[in-house]
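Notes follow once the structure below has been shown.
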Amino acid sequence: MKATTLVSIEELAQHLDDPSWIVFDCRFTLTDPEAGRRAYVHGHIPGARYVHLDDDLSSPITPTSGRHPLPSPQLLSEKLGLWGVDSTKQVVVYDDSFGSMAVRMWWLLRWLGHDAVALLNGGLPMWMRQKLPVTSDPSKILPSQFIPHLQSSMQADATEVDQARQDYNRVIIDARPEDRFNGEREPLDKVAGHIPGSINWNFEENIDFDSTYLPAEELREAYLNLLHGIPPQQVIHVCGSGVTACHNILAMEIAGLPSGKLYPGSWSEWITDSSRPIEVGPAGE
């Protein structure tokens, strides 16, 4: 049975030599874009391929885009084939930051129609705490052909977000830390604040004390309380640039809820148009 949300450390350890399982190391630091690649070279889960958020999982920035525009479906599909991914493969993604970077690749594979993709629950830190193998050896890759089946209904654009923020039957959930949402601190973007009408749910609220996702029933209760009766499928997820918002999407999937849509451009795209409204302070103030 394919894994579509989470894979445990134990499950992956049992499949390290399974050619039908492909692992991706997605470590990335927004303030030091090459840190993840350096860390991968130093040591990674055996067989893992490295993917770079800027180079592989995004397209070039434009004056009207966010910091991490969606990649070209064709180019990403070609890369996936070269990395050995096809419709028969189970993909596992991991990082060292609570899944906050790896979830971007999880979402992108689903966007391309590949549902057999799961996050390594606990990531590399838990893998290493269990004293499981790591290596600095290059991974042996047998190329394949990846055929995409684009799921464009998974994404929302700025026009839909603008409509949703004024619709009491929809909700925009912002995954950034509270101080960034409130506009008290903004280390990455030129303008601070949030999209008016949005609510804040820092993605780290999805994480348990041991760096794994909270149990499904706890996530379900938390998100249903957050939505106040709004149907889960009416959610649009945002963050700074369409990365950590995917963490909340995965949390809703784990909870057994329809996960809604991603606004890939998120805050960093929203602020490129000065006619779009912004808000500072807590939600609703």
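Numbers for the structure displayed
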| quantity | calculated |
| --- | --- |
| Some residue of segment 41-61 being part of a helix (DSSP H, G or I) and out of contact with any helix residue (DSSP H, G or I) (no Cβ under 8 Å at 6 or more places or on another chain) | yes |
| Filter result for the condition that a residue is touching a Lys or Arg at 6+ places or on another chain (Cβ under 7 Å) and either polar (S, T, N, Q) or on the phi < 0 side of the Ramachandran plot (or both), over S8, S65, S59, S20 | S20 |
| Residues of segment 260-285 satisfying the condition of being touching a Pro at 6+ places or on another chain (Cβ under 8 Å) and assigned to a strand (DSSP E or B) | E279 |
| Filter pass, S59 being free of Cβ contacts under 8 Å to residues at least 40 places away in the same chain, more than 18 Å from G36 (Cβ to Cβ) and among the hydroxyl-bearing types (S, T, Y) | yes |
| Lone qualifier among S274, S259 - being surrounded by fewer than 24 Cβ atoms within 10 Å (Cβ to Cβ), of a type in the set (S, T, Y) and touching a helix residue (DSSP H, G or I) at 6+ places or on another chain (Cβ under 8 Å) | S259 |
| Residue in segment 114-122 that is under 21 Å from S59 (Cβ atoms) and buried (at least 20 other Cβ atoms within 10 Å of the Cβ) present | yes |
| Within segment 62-109, tally of residues that are touching a helix residue (DSSP H, G or I) at 6+ places or on another chain (Cβ under 9 Å), in a helix (DSSP H, G or I) and more than 26 Å from S8 (Cα to Cα) | 2 |
| Residue in segment 63-86 that is of a type in the set (D, E), within 30 Å of K190 (Cβ to Cβ) and modelled with pLDDT of 95 or more present | no |
| Helices (runs of 4 or more DSSP H) wholly inside segment 116-235 that include at least 3 residues being within 16 Å of G260 (Cβ to Cβ) and modelled with pLDDT of 95 or more | 158-164, 216-227 |
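The values are calculated or read from the model by the stated rules, or taken from the named source; none is laboratory data. Everything numeric here is computed off the predicted structure, so don't read it as measured data. Positions of Cβ are backbone-derived with ideal geometry, glycine not excepted, and every protein chain shown enters the neighbour counts.
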